[in-house]
Amino acid sequence: MDTHHTYGVHDALTDVRGLRVGHAQRTDDGWLTGTTVVLAPEGGAVASVDSRGGAPGTRETDALDPRNVVERIHAVVLTGGSAFGLDSAAGVMAWLEEQGRGVSVGPDPSQVVPVVPAAVIFDLGRGGNWRARPDAALGREAAEAAAGTELEAPVPQGCVGAGAGAVVGGLKGGIGTASVRLASGALVAALVAVNAAGSVTDPVTGVLYGELGELTDGSPYLPSEDEHTEARMLLAEAREETAKRAAGTLRPALNTTLAVVATDAEISRPQAQRLAGSGHDGLARAIRPIHLMHDGDTVFALSTADRALGEGEFNDLLAAGADAVTRAVVKAVRAAEGVDGPGGVFPAYRDLYDGPRPRD
């Protein structure tokens, strides 16, 4: 298997030409939540999905089953707000309909039905107000933000969009993205909203799980024992304070990590489903444990079908998809900023470990 890969231009999902990403979030007055929209090219994208958490909150995922009629989707929505946040997809659908983008269902060009699969994370109450959650208006805002970007634009990361209220193992989570270019030129990229009950850090060293493999390759940062001891103490204090402030919220903690893996290679819907599955491999390397009963971990896979897939290249594509997801998780955690609000105290990894940072 060929493993000689490089990053895309922006090391982001938008390196797959034709895809655009938009974020919308609310972070004031009791809000700490948001929505991220991945906008497909006008002709749509081949898509599939793989959900492995025990508590998924999704919309239109049955349509992505390769046995069903839908050939292409028009956008993917990742959003906060638990099941309430699925309302944000309605705003994205409305915007797409206004653009005449969707499955044609009548003689008039305006008679279209956009296909917009969506999945949610649990972030209710993290800003302090239990009823502050994404709605159709926020979904439209994220779709318009995506449409307003240039092709192949950089993607904002950290506490934006669906990552605004994300938390992972007591640390602030967020949005991260990464891309891999295969030796053939094909691109595979990932965007992840990191929000899990599990942890992203090795309990013995404090190193991010997603970077453990880099230590043998000269990774520039390994926390000292004293730094790690202090970080663990500060995180424990933050968790205790969060428990006090959020005493009225549900227990156990409800979470979910979401991802979109995309490629410009032409693949079938069954192959897209396999690519979505490889994304879960990437999550399992970076978050431990993953796929718990109170997670709804879901990975979407997209193909813009702009490049022929080389003979025997699909295995490389799967491996690269997993790698991109792992790096996207790391980048999300490193980009996140700490939050100290009425819904809890969520320190960022950078707040606890003050060493040099590997390349973003």
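For region 272-314, what are the residues that are within 18 Å of Gly18 (Cβ to Cβ) and open to solvent by 40 Å² or more (accessible area, probe 1.4 Å)?
First, pick out the residues of region 272-314 that are within 18 Å of Gly18 (Cβ to Cβ): 272, 275, 300-309.
Result: Asp306, Arg307, Ala308, Leu309.
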Can you tell which of Leu222, Leu215 is modelled with pLDDT under 95, touching a Leu at 6+ places or on another chain (Cβ under 7 Å), surrounded by fewer than 19 Cβ atoms within 10 Å (Cβ to Cβ) and assigned to a helix (DSSP H, G or I)? Leu215
If a residue has to be open to solvent by 10 Å² or more (accessible area, probe 1.4 Å) and either assigned to a strand (DSSP E or B) or in contact with a Cys (Cβ under 8 Å, 6 or more places away or on another chain) (or both) to count, how many in region 336-353 make the cut? 6
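Being at positive phi and either among the hydrophobic types (A, V, I, L, M, F, W, C) or crowded, with 20+ Cβ neighbours inside 10 Å (or both), is that true of even one residue in region 138-151?
Initial filter on region 138-151 (at positive phi): none.
The answer is no, given that none of the residues of region 138-151 is at positive phi and either among the hydrophobic types (A, V, I, L, M, F, W, C) or crowded, with 20+ Cβ neighbours inside 10 Å (or both).
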Selection from region 36-59 of residues that are closer than 20 Å to Ala142 by Cα, modelled with pLDDT under 95 and in contact with a strand residue (DSSP E or B) (Cβ under 6 Å, 6 or more places away or on another chain): Gly57
Please work out if Val116 is open to solvent by less than 10 Å² (accessible area, probe 1.4 Å) and part of a loop (DSSP other than H, G, I, E, B). yes
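For region 268-316, what are the residues that are among the β-branched types (Val, Ile, Thr) and within 27 Å of Gly213 (Cβ to Cβ)? Steps first, please.
Step one: filter region 268-316 for residues among the β-branched types (Val, Ile, Thr), giving 287, 290, 298-299, 304.
Of everything in region 268-316, those that are among the β-branched types (Val, Ile, Thr) and within 27 Å of Gly213 (Cβ to Cβ) turn out to be Ile287, Ile290, Thr298, Val299.
The values are calculated or read from the model by the stated rules, or taken from the named source; none is laboratory data. Just so we're clear, the structure is a prediction, and the values are computed from it rather than from any experiment. Cβ sites come from the backbone with ideal geometry, for glycine too, and all protein chains shown count toward neighbours. These area figures cover heavy atoms from the full protein model, side chains too; ligands, DNA and RNA do not enter into them. Shrake-Rupley method; radii C 1.70, N 1.55, O 1.52, S 1.80 Å.
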